[in-house]
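**Student:** What follows is a single structure, and I will ask about it in a moment.
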């Protein structure tokens, strides 16, 4: 599930809070919706040493737990691929897993 909020368009109607309370709540400061209780992010994508790595850095610096399937990212060279996986695991304490098939969601 991809969860996004266009905060400029939020009218605080509460539909998202009612439909998906495990993801949304009303922000006490401005009464708009915001996503909550997100602790883990699974990152996949292309150009691993640029786009994927910067996404992982942004998540890691915000204390999200990063999960990155090695076969879920692509790079122009094997070195770029290896560098990204190493950086994610060593700098951002992410978990690099072998395959997207190894991802399980649940409690």
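**Student:** Could you please find all residues in region 47-59 being at pLDDT below 90 and either loosely packed, with under 13 Cβ neighbours inside 10 Å or touching a strand residue (DSSP E or B) at 6+ places or on another chain (Cβ under 6 Å) (or both)?
**Tutor:** Of the residues in region 47-59, the ones at pLDDT below 90 are 58-59.
Across region 47-59, the qualifying residue is only 59.
**Student:** Another question about this same structure. With the condition kept exactly as written, say whether any residue in region 30-44 is closer than 24 Å to residue 102 by Cα, modelled with pLDDT of 90 or more and not in a strand (DSSP E or B). Lay out the reasoning, then the answer.
**Tutor:** Within region 30-44, the first condition is being closer than 24 Å to residue 102 by Cα, and the residues that meet it are 37-44.
Still in the list and also modelled with pLDDT of 90 or more: 42-44.
Going one step further and asking which of them are not in a strand (DSSP E or B), we end up with 43-44.
Yes, some residue in region 30-44 is closer than 24 Å to residue 102 by Cα, modelled with pLDDT of 90 or more and not in a strand (DSSP E or B).
**Student:** Kindly list the number of the only condition in (1) modelled with pLDDT of 70 or more; (2) not in a strand (DSSP E or B) that fails for residue 4.
**Tutor:** Evaluating residue 4 over (1) modelled with pLDDT of 70 or more; (2) not in a strand (DSSP E or B) leaves (1) as the failure.
The values are calculated or read from the model by the stated rules, or taken from the named source; none is laboratory data. This is a predicted model, so every value here is computed, not measured. No Cβ is skipped: glycine too gets one built from the backbone with ideal geometry, and neighbour counts run over all protein chains shown.
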